[in-house]
Amino acid sequence: MAQNDAKRWAGDSDGRFVASERRFQDSRIIVLPTNVSVRAMAFRRVYSPLERGGQRPGCVILCVRQTFLAAIRSEGWEIRNRHREERSDVTISSSAQTTYPTQIQISPIKSLKSELWGVSYWCMAKPGTYHDEERLPAVAGMFYPGDPLDLSKMLTQYLSASKRQIFSDKIRGIISPHAGYIYSGQVAASAYKELEGLKYDTVVIIAPSHTTFFQGASVYNGSAYVTPLGKLFIDQKLASKITEINPSKIYLSNKGHTGGGTRQEHSLEVQLPFLQMVLGDFKLVPIVMAEQEWDVITALGDCLATALKDTNSLIVASTDLSHFYSSNVAAQKDGIIRSHVEAFDPQGLYNSMAKGQAEACGGGPMAAAMIACRKLGASHVAVTDYADSSKVSGDQSEVVGYLAAVIYAD
């Protein structure tokens, strides 16, 4: 590739060969500039990521010369697999700190100008370790606008339409829905409005898994979550503290975040732009629950209460309520959830769902948040808004219920 082409492709003023990252299903594809056609190589499907027991797709690295490996390392990328092929121009060295078991496949690809070799690998983080993965937006442009300006305008409209009730400046947690913003955004804004003017060092979000099942609760072991409004870095010190208490149930993992499902989870992601809008700068501890049994709920609540003691932290529980009942039936079922929330009764909330009297996909996150917040000094829960999807769609035959609330101390 000519240097001018490299400049145009990499967007680098001095023509250095730099790496580009693209998404393919659940993998990141790291593409290195080479002397082959960029168009021919950048969108090649080298290796189709498949779900394999407990493993997650890693990266697909495309390269032809050792000089490009040196270039990617200079940009701060870490090569986490190892293969030495007989050809001298295909060599990938292992990082000294590698903790990732791998499976390697070498695939020759014919491009227009030369032979390109792709190296693909599967990797799984060693339990209790972090890696430099950033969780990119999965539902931007679907559940909420992908353009930062459009997103900011929408959030501003929702927050401006909400009236702040000022329950307390000691808000320990909130409950917020996670549907597409056009349906549940105004309800969510009623809770987020109460956070305006407050500051938190860390926000812990507990969200349910809609895409994959796993045991316990998964605390993200990557480096950041990314939204159209910017990057939120993981509070790894606090995440480690949370997961050291009861690691058989609450543990570091990418499950429910970037690994384990055919599509990525939305219920946690949709909370982030609201938080960025009202709080500004903070660190994040993202938690996804797939198993919502009482022992896991209490374990998570207790772990959070212990780890968050004497910290300036907020807990967010992500949930929608009943799904696809008539508006009248939904109001009845959702009213049961609401009564337990307002009574600050996590056990009653769980029992009602276990008996089939009420439904909430994030019932576990709600109950765990209430347990933790009470132990952290909260004494009240106030519902800030309730609605169902018919308010927007006009269809009352099959609706989804949405509730928002704040959990606060006197």
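Farther than 22 Å from residue 271 by Cβ, among the hydroxyl-bearing types (Ser, Thr, Tyr) and without any contact (Cβ under 8 Å) to a residue 24 or more places away in the chain - does that describe any residue in region 349-361? Checked against the condition, which is being farther than 22 Å from residue 271 by Cβ, among the hydroxyl-bearing types (Ser, Thr, Tyr) and without any contact (Cβ under 8 Å) to a residue 24 or more places away in the chain, region 349-361 yields at least one hit. Would a scan of region 130-153 turn up a residue that is of a type in the set (Asp, Glu) and modelled with pLDDT under 90? Yes - at least one qualifying residue is present in region 130-153. Can you find a residue that is more than 28 Å from residue 152 (Cα to Cα) and touching a strand residue (DSSP E or B) at 6+ places or on another chain (Cβ under 7 Å) anywhere in region 234-241? Within region 234-241, one or more residues are more than 28 Å from residue 152 (Cα to Cα) and touching a strand residue (DSSP E or B) at 6+ places or on another chain (Cβ under 7 Å). Any residue at all in region 170-186 that's among the hydroxyl-bearing types (Ser, Thr, Tyr), on the phi < 0 side of the Ramachandran plot, over 18 Å from the mean Cα position of the chain (by Cα) and in the same structural domain as residue 291 (by TED's automatic domain parsing)? Within region 170-186, one or more residues are among the hydroxyl-bearing types (Ser, Thr, Tyr), on the phi < 0 side of the Ramachandran plot, over 18 Å from the mean Cα position of the chain (by Cα) and in the same structural domain as residue 291 (by TED's automatic domain parsing). Quick one: is residue 218 at pLDDT 95 or above, in the same structural domain as residue 154 (by TED's automatic domain parsing), surrounded by 20 or more Cβ atoms within 10 Å (Cβ to Cβ) and closer than 17 Å to residue 134 by Cα? Yes; evaluated as a whole, the condition is true for this residue.
Scanning region 177-192 for residues that are crowded, with 18+ Cβ neighbours inside 10 Å and part of a loop (DSSP other than H, G, I, E, B) gives 177, 178, 179. For region 360-410, which residues satisfy the criterion of being touching a helix residue (DSSP H, G or I) at 6+ places or on another chain (Cβ under 7 Å), surrounded by fewer than 22 Cβ atoms within 10 Å (Cβ to Cβ) and of a type in the set (D, E, K, R)? Within region 360-410, 375, 385 meet the criteria. Can you work out which of the residues in region 253-283 that are aliphatic (A, V, I, L, M) and buried (at least 23 other Cβ atoms within 10 Å of the Cβ) is nearest to residue 368 (Cα to Cα)? Here the residue is 268.
Does residue 273 meet the test of being part of a helix (DSSP H, G or I), in contact with a Phe, Trp or Tyr (Cβ under 8 Å, 6 or more places away or on another chain) and closer than 24 Å to residue 363 by Cα? Considered against the rule, which asks whether it is part of a helix (DSSP H, G or I), in contact with a Phe, Trp or Tyr (Cβ under 8 Å, 6 or more places away or on another chain) and closer than 24 Å to residue 363 by Cα, residue 273 comes out as yes.
Residue selection: residue 237 satisfies the criterion of being farther than 20 Å from residue 368 by Cβ and either surrounded by fewer than 18 Cβ atoms within 10 Å (Cβ to Cβ) or among the basic types (Lys, Arg) (or both). What's the total number of residues in region 193-248 that are touching a Phe, Trp or Tyr at 6+ places or on another chain (Cβ under 6 Å) and part of a loop (DSSP other than H, G, I, E, B)? Total satisfying the criteria: 2.
So which residues in region 267-287 are touching a residue at least 60 places away in the same chain (Cβ under 8 Å) and either over 20 Å from residue 188 (Cβ atoms) or in contact with a His (Cβ under 6 Å, 6 or more places away or on another chain) (or both)? 267, 270, 283 - these are the residues of region 267-287 that are touching a residue at least 60 places away in the same chain (Cβ under 8 Å) and either over 20 Å from residue 188 (Cβ atoms) or in contact with a His (Cβ under 6 Å, 6 or more places away or on another chain) (or both).
Among the residues examined, residue 243 does not qualify as assigned by TED's automatic domain parsing to the domain that holds residue 178 and at pLDDT below 95.
The values are calculated or read from the model by the stated rules, or taken from the named source; none is laboratory data. No experiment lies behind these values; they were computed from the predicted model shown. Neighbour counts run over all protein chains shown; Cβ positions are idealised from the backbone, glycine included.
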